[in-house]
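Down below is the structure, laid out as structure tokens.
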């Protein structure tokens, strides 16, 4: 069994999604369906990723769970492009980065408890892309506003969800 930054992050992500699924049991029957469906599927997929990260036997059997992601070329370490697994092996396990991402998820969970989820998701996506991914403020703003418009259109207009806190 190997423990890497990817496996630690996957574990904490499962915990956060499980908390969200648990909190959705307080919703009425109609509103509960989608969080339970997507949360359950997310937990299963992240669980497969966690097994693949921790055990090499699972990694060979689960061909669809690869180490190289669609964004691997965007990750730069030391001025050159590297695969995340190569970056972990060459520079040690970046526990500080994993811990920082975990704190982002904790902050998201706390903000969702106190504020409107449309506003929180837009602000969270904007800050995460701008500060953690360092993808630029304009790109972060575009992505965050696009997600906000999509969420509002889907839930506010199509499903007629009341967004009041």
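Every test in (1) assigned to a helix (DSSP H, G or I); (2) touching a helix residue (DSSP H, G or I) at 6+ places or on another chain (Cβ under 8 Å); (3) at pLDDT 85 or above is passed by residue 88 save one, and that test is (3). The residue that is nearest to residue 16 (Cα to Cα), counting only those in the range 91-103 that are modelled with pLDDT of 80 or more and surrounded by 15 or more Cβ atoms within 10 Å (Cβ to Cβ), is 102.
In the range 1-32, the residue that is farthest from the chain's Cα centre (by Cα) out of those that are within 23 Å of residue 96 (Cβ to Cβ) and part of a loop (DSSP other than H, G, I, E, B) is 1. For first residues located in the range 145-163 and surrounded by 11 or more Cβ atoms within 10 Å (Cβ to Cβ), partners that are modelled with pLDDT under 90 and part of a helix (DSSP H, G or I) and lie 6+ apart or on another chain with Cβ distances below 7 Å form the pairs 148/118; 151/118; 152/118; 161/155; 163/118; 163/156. Reported count of residues in the range 118-142, each being surrounded by 15 or more Cβ atoms within 10 Å (Cβ to Cβ) and farther than 23 Å from residue 9 by Cα, is 2. The single condition from (1) under 21 Å from residue 17 (Cβ atoms); (2) over 18 Å from the mean Cα position of the chain (by Cα); (3) modelled with pLDDT of 65 or more that residue 61 fails is (1). Taking the conditions (1) within 20 Å of the chain's Cα centre (by Cα); (2) under 25 Å from residue 134 (Cα atoms); (3) at pLDDT below 90 in turn, residue 51 satisfies each one other than (2).
The values are calculated or read from the model by the stated rules, or taken from the named source; none is laboratory data. Keep in mind that what you see is a predicted model, and the values were worked out from it rather than measured. Quick reminder, even Gly has a Cβ in these numbers, built from the backbone with ideal geometry, and neighbours come from all protein chains shown.
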